[in-house]
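I have placed the structure first, in the form of structure tokens, so that the comments after it can refer back to it.
The values are calculated or read from the model by the stated rules, or taken from the named source; none is laboratory data. Here the structure is a predicted model, which is why all the values come from computation and not from measurement. Cβ placement follows ideal geometry from the backbone for every residue including glycine, while neighbour counts extend to all protein chains displayed. Side chains included, ligands, DNA and RNA excluded: accessible areas come from the protein's heavy atoms. Shrake-Rupley method; radii C 1.70, N 1.55, O 1.52, S 1.80 Å.
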Amino acid sequence: MASTSPAVQERDVGIHEYVRRDVAGIGGRLKVEPSDFRVNELRVDGSEVRLDIDDERAACAEADGDGDSGESSDENERLVLFTLRKERQDTLGAIGVLSQLLGAPPRAFSIAGLKDHRAVTTQEICVCGVRASRVRALELSPGAHIAIGHVRPTDARLKLGGCGGNRFRIVLRGAIGADAADAALGALRDHGFVNYYGLQRFGGGAARNDT
């Protein structure tokens, strides 16, 4: 019989407050829709990982004309870097889909960080042992909630923690008002906050994401 125990909450692991006791919260609801929470990975140089579908069509057409002459002829030495945009799918789940479509084991993929499930996120992914032309040719069904682009050969795998951070664009629905928000932001600016990791940080998979 399936367990009916309630899910662990942040208070259960010692997280009781977020900014300051003397500043009222502003209420509101996060992630009502996945598009309310957008995350774009940043490269080490600070540039933002983005995927524009129209630009990507043009890039694919140019790549198809050039062929894959720059790729290694050794299947085990090929490394391909590409951009992944996903929705209603966590990073490891998206890799599982791509693994099946490309016939490459999950261990062939490397990432700089895990991204949220209930969100629209964009990040770079690296795969070993697959030609760039095969990655470009993937046909992804709308139900997969995945899009890929900017496919090109690379020289090195990605490593967890090896990015410049993430840029968040967040919609908070039903907040209580501008005055309360100004007060909360003022307290944040003047006093900072304790940067501890919540339960969301670690997801449901076994991959280390605490670097």
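In the condition set (1) within 18 Å of Ala137 (Cα to Cα); (2) buried (at least 18 other Cβ atoms within 10 Å of the Cβ), Asp116 is compliant with all but (1).
So, Ile111, is that one within 22 Å of Val39 (Cβ to Cβ) and touching a Pro at 6+ places or on another chain (Cβ under 8 Å) or not? Taking the combined requirement at face value, the residue does not satisfy it.
Only residues that are β-branched (Val, Ile, Thr) and at pLDDT below 95 were counted across the range 77-90, and they come to 0. Of all the criteria given as (1) within 19 Å of the chain's Cα centre (by Cα); (2) under 18 Å from Leu51 (Cα atoms); (3) of a type in the set (Lys, Arg), the one not satisfied by Arg157 is (2). Take the range 98-118 and flag every residue that is modelled with pLDDT under 95 and either among the hydrophobic types (A, V, I, L, M, F, W, C) or in contact with a His (Cβ under 9 Å, 6 or more places away or on another chain) (or both). Of everything in the range 98-118, just one residue is modelled with pLDDT under 95 and either among the hydrophobic types (A, V, I, L, M, F, W, C) or in contact with a His (Cβ under 9 Å, 6 or more places away or on another chain) (or both), namely Leu114.
If you go through the range 79-102 and pick out every residue that is closer than 17 Å to Ser133 by Cα, open to solvent by less than 60 Å² (accessible area, probe 1.4 Å) and touching a residue at least 24 places away in the same chain (Cβ under 8 Å), you end up with 8.
Taken over the range 168-183, the criterion of being under 26 Å from the mean Cα position of the chain (by Cα) and of a type in the set (Val, Ile, Thr) is satisfied by Ile170, Val171.
Flag set for Arg201, criterion: modelled with pLDDT under 85 and among the charged types (D, E, K, R). The set of residues from the range 119-138 being more than 24 Å from Val39 (Cα to Cα) and touching a residue at least 12 places away in the same chain (Cβ under 8 Å) comprises Cys128, Gly129, Val130, Arg131, Ala132, Ser133, Arg134. Considering the range 140-149, and only residues there that are modelled with pLDDT of 90 or more and farther than 16 Å from Phe109 by Cβ, the residue that is surrounded by the most Cβ atoms within 10 Å (Cβ to Cβ) turns out to be Gly149.
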